[in-house]
Every structure is written in structure tokens, then in C-alpha cells.
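This report concerns only the one structure given below.
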Amino acid sequence: MNNIVITGASSGIGRSLAFEFARRGYNLGLTARRIDLLEGLKQEILGQNQNLRVENRMLDVTDYDQVFSTIPELVSSLGGTLSIFIANAGIAGTKNTSVSGFQINKKIIDVNLIGAMACFSSAADIMKKQKSGQIVGISSVAGFRGLPGSAAYSSSKAGLTVYMEAMRSELKKFNITVTTIQPGFIDTPINQDKKSRPFVVNPSRGGTLIANLIEKKVSVSTVPRFPWGIIGFIMRNIPDFIWQRLSSI
Ligand SMILES: NC(=O)c1ccc[n+]([C@@H]2O[C@H](COP(=O)([O-])OP(=O)(O)OC[C@H]3O[C@@H](n4cnc5c(N)ncnc54)[C@H](OP(=O)(O)O)[C@@H]3O)[C@@H](O)[C@H]2O)c1
């Protein structure tokens, strides 16, 4: 049996991925802070497929020591092997870059970037011993350029994408695949307060598309691929003076 561990599985994309990978026959290791939501999810999944193993752990990814102890312990309880690890836990928070926004901006970096780095370290140590596995990070199209009002969120996702690019080269010799997923808008609580969510997809569809890309072992992809692949290319490549004009509107 394949074992998969997903952080931030209590809601949104992580929850959809848990259902999707259960449907595909994976044993699940699920983590989040809201353990009650994970327990409800576990019962729903086992109600549909009693042959799977589902293990839940309460985990705050910014408690780095807890990350380093919980992830190996969770993998042991699944039988000791780890096929796929998904660092999905994340937060947003539209804040300015002045002092009043500093604490939330720092928190966004702590959760989305440093929390994911801690999780990757833990997963990579396990996979290096196995000489196999796949590490996945849920980045964002918001990391392509600095979005006004989302400086910390954009930076956290740009940092995550670049960190994973370096990891991809480092871990190749251990037969570990590194997959960076860059969703556009998926209809989850993280963005439900936004006035505009172009090309939004529902979480179930988002989970299916992301799981397909993971099983194809792609290196990097937007979700959906179209139109975000094209928009992303344009965002990354237009000159700064044009970006300044467009993003100031
Ligand atoms: N939805 C989109 O359109 C979209 C687009 C691009 C990227 N993403 C990324 O996709 C990921 C999942 O987001 P979502 O859309 O599914 O949002 P969501 O529904 O708000 O889910 C966020 C998940 O992260 C967990 N989390 C937050 N802080 C945590 C912490 N300190 N420690 C552990 N877990 C924590 C939450 O669980 P607890 O609160 O129970 O801990 C929750 O399960 C995020 O990384 C987000 O940036 C989303």
C-alpha cells in the first residue's frame, strides 16, 4: 500500500486531496491544528473505504520541533514508508507593509514558507533512507509577482517555489521527486472574502486536478494548467514598468 501524508488536511484543498487519494487507494496520514475536523474527515473516508488506514495528528507547522517528531512518528504508525508528502498548510491575510501589518505578515511567512521547509526536511530524511518518494508543495500563482496588498503571501509562495527548485536538484540523486503545485483560485475559506476570483474551480475538481499532476510526477504546474499556465508566463515575463502600471490599477 502507498502511504501519503498531507498537512493542513482539515479544510479546503488538503481535505479534498485526502478524499481524492483515499479514492485512489492510499493510506493517509493527516495533520492540522483542528483535530476535531480531522476526526470527522477520517470517519467519512473510512465510511467509504474500510480497507484504508487513516492516522490523524494535531500539528501546528510553526512548532518546528513538533514537526520533526510528529512526521516520523506518523509515518511509523502507517507502516514505516512514505510515498508522497504534501506540504499544504497555509494562510493568507491581506495586509499592508507598514508596522500595523508586520505581525500577520511574519506569521504568513512562518506558516507558508518556514513551516513548509520544516516539513520538507522531515519528509526528505525519511525518503533519503528509502531512496524513493515524492515531496509536494502547494505554492500559488501569487508567487509569480509581488501582488499589492499580499506582499507577504506572494513572497511566501515565491520563496516556496524557489526553495523547492533547489530541493529538486539536491534530492534527485536519492530518487526523490519534487513537485510544485501553483493553484489559481480554488473555492476554499482562504479566499472566500475576495471580491474577484477569476477562473475559480470547486475544491473537489481542484483536488482531482492536483492529484492527477502529483501522480504524473510533474516538476511544476499551475492548477488548472489553462489559463493559469499562460497567465503565469505573462506575469513572470512582462517588464517591471508594465507590471507597475497593471498592478497599481
Ligand atoms: N484556495 C486557493 O485558491 C489557493 C490558491 C493557491 C494556493 N493555495 C494554497 O493552498 C493551501 C491550502 O489552502 P486552502 O485554500 O485549502 O485554505 P484553507 O481551506 O483555509 O485550509 C488551510 C489549511 O491549512 C491549515 N493550517 C493553517 N495554519 C496552520 C498551521 N499553523 N499549522 C498547521 N496547519 C495550518 C488549516 O488547518 P488548521 O486551521 O486546522 O490548522 C487548513 O487545513 C495553502 O497553502 C494556500 O496558500 C490556495
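The values are calculated or read from the model by the stated rules, or taken from the named source; none is laboratory data. No experiment lies behind these values; they were computed from the predicted model shown. Note that we place each Cβ from the backbone using ideal geometry, even for glycine, and neighbour counts take in every protein chain shown. Areas reflect the complete protein model, heavy atoms only, side chains present, ligands, DNA and RNA absent. Shrake-Rupley method; radii C 1.70, N 1.55, O 1.52, S 1.80 Å.
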Self-check item: Part-to-part distance (alpha-carbon centres) for segment 139-179 and segment 203-247, which is given in Å
Solution: 12 Å
Quiz item: Counting pairs on different chains as well as pairs 8 or more places apart, how many Lys pairs in segment 169-249 have Cα atoms under 27 Å apart?
Solution: 4
Practice problem: Starting from the Cα of LYS106, draw a straight line to each of the lysines and keep only those under 20 Å, dropping any in the same chain fewer than 8 residues away. | Solution: LYS95, LYS157
Exercise. Starting from the Cα of SER121, move 7 Å in the Cα-to-Cβ direction to define the label point; list residues of segment 42-69 whose amide nitrogen is under 16 Å from there.
Key: 60-69
Exercise. Could you provide, to the nearest whole Å², the per residue accessible area of the chain with probe 1.4 Å?
Key: 48 Å²
Quiz item: Expressed as a whole percentage, what fraction of the accessible surface of segment 151-228 belongs to carbon and sulfur atoms when a 1.4 Å probe is rolled over the protein heavy atoms?
Solution: 55 percent
Quiz prompt | Square roots of 5 times each gyration tensor eigenvalue, C-alpha, the chain, largest first, Å | solution = 29, 19, 18
Exercise. Mind checking the full-extension length gain between ASN51 and PHE241? Use 0.36 nm per residue of separation minus the Cα-Cα distance, one decimal, nm.
Key: 62.7 nm
Exercise. Could you give the size of the charge dipole of the chain about its Cα centre, using +1 on the Cβ of each K and R and -1 on the Cβ of each D and E, expressed in debye and rounded to the nearest 20?
Key: 660 debye
Quiz item: So, with a 1.4 angstrom probe, what is the percent of accessible area on segment 82-142 that is carbon and sulfur?
Solution: 61 percent
